[in-house]
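*Asks:* One structure, as structure tokens, below. Some questions next.
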Amino acid sequence: MVREMEILAELHAKHKNEKLRREIKLLEGYDGFDIPDAALGQPSVIPSVTGTLVREILGEEKRVLINQRLADVNELYVRSLSITARMMNFEVAYTKGDRPTFGKEVNQVTTERAIEITREYGVKSGAMLSLRKGRDEIMRRLDMKADFFLALHFAGLSSIEGLELDKIIPYLIVSTDKNREIIKTISQPTFDENRVLHVVRELEGVGVRAVLISSPADLNFLVNFIAKI
């Protein structure tokens, strides 16, 4: 298959440096990475640190999207993050985020304002797009001046039918024999491991330019999948 679409992998930061470095090297075949920020409001390694390791290990050619929870930060932080992203050639994907397990929510900066600020620094930035919302709300979201949208709750081609696909990055969550019990706790559509390649080819066929693959707690799937492309 000649690949005209970017295949991105979701890369969760590990607490041990060497383990994270090993995982980055194993996923070298991907065109880039999306790095979550404090998933479920739990403390984690800051995404820009993980992104910096990707740059160190794999160089400048990989696309790196770092996620940023807006529930936790003020405008000064968004500006500092934008400067960091410009220096490291990152893109920033903004999300409100779940309620933090420690401390209080800040909620000072909206997604629209964060995107405006980041674009002031010449950095590409985007937002989350929930495909389970009504069509009118989805269209209003797509009117936002974002460079890309990570499309959550993607359930198949019908989820994006009639939408302009240039900026949409469907988020495919993969269910495998190894992670099936964990997947049951996720409130999003999932795809059986044997269907993922077919879905990716379908997306490429309708003109989607990038797709994000997530296989929680199953690194082997990600490693084996990219070898098939």
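The values are calculated or read from the model by the stated rules, or taken from the named source; none is laboratory data. Predicted model only: the values in this text are computed from it and were never measured. A quick note on method: Cβ atoms are made from the backbone with ideal geometry, for glycine too, and the neighbour counts reach across all protein chains shown. Ligands, DNA and RNA are excluded from the accessible area calculation, which covers all protein heavy atoms including side chains. Shrake-Rupley method; radii C 1.70, N 1.55, O 1.52, S 1.80 Å.
*Asks:* Sorted by accessible area with a 1.4 angstrom probe, largest first, how do D98, D192 fall? Before the final figure, lay out each step's value.
*Replies:* Values: D98 80, D192 60 Å².
Most to least solvent-accessible, the answer reads D98, D192.
*Asks:* If M139, M128 are ordered by their accessible area, calculated over protein heavy atoms with a 1.4 Å probe, which sequence runs from highest to lowest? If you can, show how the numbers build up before the last one.
*Replies:* Numbers: M139 80, M128 25 Å².
Result of the area sort, largest leading: M139, M128.
*Asks:* Send over a whole-number figure in Å² for the accessible area per residue of the chain, probe 1.4 Å.
*Replies:* 51 Å²
*Asks:* If you don't mind, another one. Quick one: which residues, 5+ away or cross-chain, put their amide H under 5 Å from the amide H of G97? H built at 1.01 Å from N.
*Replies:* Amide H neighbours of G97: L70.
*Asks:* As an exercise, take the mean of 1/r over every pair of distinct alpha carbons in the range 19-84, invert it, and state the Kirkwood radius in angstroms. Don't jump to the answer; show the numbers that get you there.
*Replies:* Details: mean 1/r = 0.0780 Å⁻¹.
This gives a value of 12.8 Å.
*Asks:* Using only the heavy atoms of the protein chains and a 1.4 Å probe, how would R113, R22, R132 rank by accessible area, largest first? Can you show the working numbers first?
*Replies:* Working: R113 80, R22 140, R132 170 Å².
My answer, sorted largest first, is R132, R22, R113.
*Asks:* Something else now. So, by mean Cβ neighbours within 10 angstrom, what's the order for 160-170, 101-111 with the highest one leading?
*Replies:* Details: 160-170: 16.8, 101-111: 13.5.
Highest-to-lowest ranking by the protection proxy: 160-170, 101-111.
*Asks:* Do the alpha carbons of any pairs in K62/K167; K14/K167; K14/K178; K178/K228 sit beyond 21 Å of each other, and which pairs?
*Replies:* K14/K167
*Asks:* Same structure again: Go ahead and collect, in residue order, the members of the range 22-41 whose backbone nitrogen is under 18 Å from a label point 7 Å along the Cα-Cβ direction of N107.
*Replies:* The answer is 40-41, whose backbone nitrogens lie closer than 18 Å to the label point.
*Asks:* Something else: Only Cα pairs under 8 Å and at least 6 apart count here; give the relative contact order of the range 55-143 as a rounded whole percent.
*Replies:* Working: 120 pairs, mean separation 28.0, N = 89.
Value for the range 55-143: 31 percent.
*Asks:* Let me ask something additional. How much solvent-accessible surface does Y121 expose, in Å² to the nearest 10, with a 1.4 Å probe and all protein chains in place?
*Replies:* Surface accessible to solvent at Y121 totals approximately 50 Å².
*Asks:* Using just the C-alpha positions of the range 45-123 as equal point scatterers, what log10 of I(q)/I(0) does the Debye formula give at each q in 0.15, 0.17, 0.24 1/Å?
*Replies:* Debye curve over Cα of the range 45-123, log10 I(q)/I(0) at q = 0.15, 0.17, 0.24 Å⁻¹: -0.51, -0.65, -1.12.
*Asks:* Then there is this: Sequence gap at least 6, Cα distance under 8 Å: using those rules, report the relative contact order of the range 6-227 to the nearest whole percent.
*Replies:* Reported relative contact order: 18 percent.
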